[in-house]
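Q: Provided herewith is a single structure, encoded as structure tokens, for subsequent inquiry.
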Amino acid sequence: MSVASTPRIRLLTSIPGPRSRELLARRESSVVAGLYKATPVAVAHASGALVTDVDGNTLIDFVGGIGALAVGHCPPQVVAAIQEQAAQLIHFSALVGTYEPYIELCERLNAAVPISGPCKTLLANSGAEGVENAVKIARAATERSAIIVFEGAYHGRTLLTLSLTSRTAFKKKFGPFVPEIYRAPFPYAYRYGFDEATCVEQCWQAFERLLVAGVDPDNVAAVVIEPVQGEGGFIPTPREFLRRLRDFCDHNGSVLIADEVQSGFGRTGTLFAIEQLGIEPDIIVSAKSLAAGMPLSATTGRAALMDTVHVGGLGGTYGGNPLACVAAIETLKLIEREHLLERACRIGARIRERIAEVPSSDKPPYLGEVRGLGAMLALELVRDRQTRAPAPEETLQILDCMLQRGVIAMRAGLYANCIRLLVPLLIRDEELEEGLDVLTRLLSL
Ligand SMILES: Cc1ncc(COP(=O)(O)O)c(C=O)c1O
């Protein structure tokens, strides 16, 4: 990859500038306080990996709508497809009748998921809805109620998915949560301080203990797992752990649900991360990057399983909206045409290379681990190399400094001490290098 030439970052004011501050004040008085915002950026328009705010500042986007923009902001082919579709049909509802973009997208997804045999798909509006649908289908298919999830997992903010989600900071006063959800430790080797094999062994023992002391396996409808934990800190699930879960589900008659809402759609170098992890799930949920930022999720799984639900048990007014469907069809074509899977691997390798060149710091925060798969990468920052004490405030400070220098990124991690990088895969080489110059300089201070 070539080194940056003409800078793309163009800063006319500090962030937020005066017009941004006005908009932020209006947000504060009109929008609920519970809606978090990671940055004070007030965006006017965006293209590719570049974002222009309402003060005319141009920034490089390293978080791409929280991973929803593998193909970047407003790719012309997707914009054209949405415009053309909008002139023909904006909404009909799949609960009322049938339109081709919904069918074509389901056909494409059924063929693309790494699940052998015939598959079927249900479309909805958000990742959370996609996961809820997967859980409903698993319960209907097995006629059991219990769901096993993992520490560090994030599956959404609706009340069922929030119950599946691990981090208590998201949950606070929203209980009581949905019953029959059981949580097992996730093999997060860096934090436990073990090598991966030992960590898998220990977590597996805990999983088996849960089946004796927590939930009767005869009642386990599904195990829900992120092949690469997203909010939890971009931790790829070890292959051996997934293999054991697959074995457990096979022998126990439980459904294995892969939540690929964040790890899916090309981000990791394959369309779905689980393709690199050696097993097939029964159901895959995809959402982010599926439709270039249009609200859409897909729950795709073995046809016989998916068809166990009674007629009328699934769906919603807007799920699989025609505009979102054509955006997704164009996105799939773009991923292929632009070789974005290979590009995800190259971007990931280049980021790792640049981070590896950063001289190791003699004062905190320290770079504890660089982790992830393909272009789904996080940097975990700690206050102490031995204890690995998380450094959430320092992580936030680095992100603020990045923003003041024109790069947008966001935190992740159970302890909010990871810098998450989800750069649009269509980012230009020189933009990637320029953004990495900013990040690596701050890491070496
Ligand atoms: C793994 C995973 N599952 C589910 C969700 C929920 O998706 P949404 O925010 O679209 O409801 C997310 C969102 O970040 C996610 O990362």
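The values are calculated or read from the model by the stated rules, or taken from the named source; none is laboratory data. All of these numbers come straight from a predicted model, not from anything done at the bench. We place every Cβ from the backbone using ideal geometry, glycine too, and count neighbours over all the protein chains shown. Keep in mind that these areas ignore ligands, DNA and RNA; they rest on the heavy atoms of the full protein, side chains included. Shrake-Rupley method; radii C 1.70, N 1.55, O 1.52, S 1.80 Å.
Q: With a probe of 1.4 Å, find how much accessible area the chain has per residue, and write the answer as a whole number in Å².
A: 42 Å²
Q: Expressed as a whole number of Å, what is the distance separating the alpha-carbon centroids of segment 294-341 and segment 250-290?
A: 14 Å
Q: Seen from all sides and averaged, what is the projected area of the convex hull of the Cα atoms in segment 7-64, in nm²?
A: Value for segment 7-64: 4.2 nm².
Q: Next question, about the same structure. List, in order, the whole-Hz ³J(HN,Hα) value for each residue of segment 273-279 obtained from phi through the Karplus relation with A = 6.51, B = -1.76, C = 1.60 and θ = phi - 60°; use x for Gly and Pro.
A: Result, ordered by residue: 4, 5, 4, 8, 10, x, 9 Hz.
Q: Based on Cα positions only, what radius of gyration and what Dmax would you give for segment 74-146, in angstroms?
A: Using the Cα atoms of segment 74-146, the pair Rg, Dmax is 15.5, 46 Å.
Q: Once the Cα atoms of segment 56-99 are picked out, what are the Rg and Dmax in Å?
A: According to the Cα coordinates of segment 56-99, Rg and Dmax are 15.2, 45 Å.
Q: If you don't mind, another one. Using only the Cα atoms of segment 77-337, what semi-axes does the equivalent ellipsoid have when each is the square root of 5 times a gyration tensor eigenvalue? Give whole Å, largest first.
A: Equivalent-ellipsoid dimensions as semi-axes: 31, 20, 17 Å.
Q: Using amide H atoms built 1.01 Å from N in the peptide plane, name the residues 5+ places from R167, or on other chains, whose amide H lies under 5 Å from its own.
A: Under 5 Å from the amide H of R167 lie the amide H atoms of G152, each far enough along the sequence or on another chain.
Q: Right, next: With a 1.4 Å probe and all protein chains kept in place, how much accessible area does V96 have, in Å² rounded to the nearest 10?
A: 110 Å²
Q: Right, here's the next one. One quarter of the convex hull surface, Cα atoms only: what value does that give for segment 275-330 in nm²?
A: 5.0 nm²
Q: Could you list the square roots of 5 times each eigenvalue of the Cα gyration tensor of segment 157-300, that is, the equivalent ellipsoid semi-axes, sorted largest first and rounded to whole Å?
A: The three semi-axes for segment 157-300 are 23, 20, 16 Å.
Q: To the nearest 20 Debye, how big is the dipole of segment 77-337 about its Cα centre, given +1 on the beta carbon of each Lys and Arg and -1 on that of each Asp and Glu?
A: For segment 77-337, the charge dipole is close to 640 debye.
Q: Given A206, G264, G152, which one lies farthest toward the positive end of the charge dipole of segment 77-337, if we put +1 on the Cβ of every Lys and Arg and -1 on the Cβ of every Asp and Glu?
A: Among A206, G264, G152, the one farthest towards the positive end of the dipole of segment 77-337 is G152.
Q: Select from segment 152-237 those trypsin sites (Lys or Arg not before Pro) which occupy a DSSP coil region and have at most 15 other Cβ atoms within 10 Å, ordered by residue number.
A: Sparse-neighbourhood loop trypsin sites (Lys or Arg not before Pro): R157, K171, K172, K173.
Q: Once you compute Rg and the Kirkwood Rh from C-alpha atoms, what is the Rg to Rh ratio for the chain?
A: A ratio of 0.96.
Q: Can you compute the helix-only [θ] at 222 nm over the chain? Use -39500 (n - 2.57) per DSSP H run of at least 4 residues, normalise by all residues, nearest 500 deg cm²/dmol.
A: So the calculated ellipticity at 222 nm is -11500 deg cm²/dmol.
Q: Ratio of segment 159-229's C-alpha Rg to 2.2 N^0.38 Å, to two decimals?
A: 1.23
Q: At 37 °C and 0.692 mPa s, what whole-number value in µm²/s does Stokes-Einstein give for the translational diffusion of segment 304-445, with Rh from the Kirkwood sum over Cα pairs?
A: Here the translational diffusion coefficient equals 187 µm²/s.
Q: OK, next. Across segment 77-337, how many lysine pairs, 8 or more apart or on two chains, come within less than 22 Å at their alpha-carbon atoms?
A: 6
Q: Counting only protein heavy atoms, what percent of the accessible surface of the chain is carbon or sulfur at a 1.4 Å probe?
A: 53 percent
Q: Now, a different point. Mind checking segment 144-239 for GluC sites (Glu not before Pro) that DSSP puts in a loop (not H, G, I, E or B) and that have at most 12 other Cβ atoms within 10 Å?
A: Filter output for segment 144-239: empty list.
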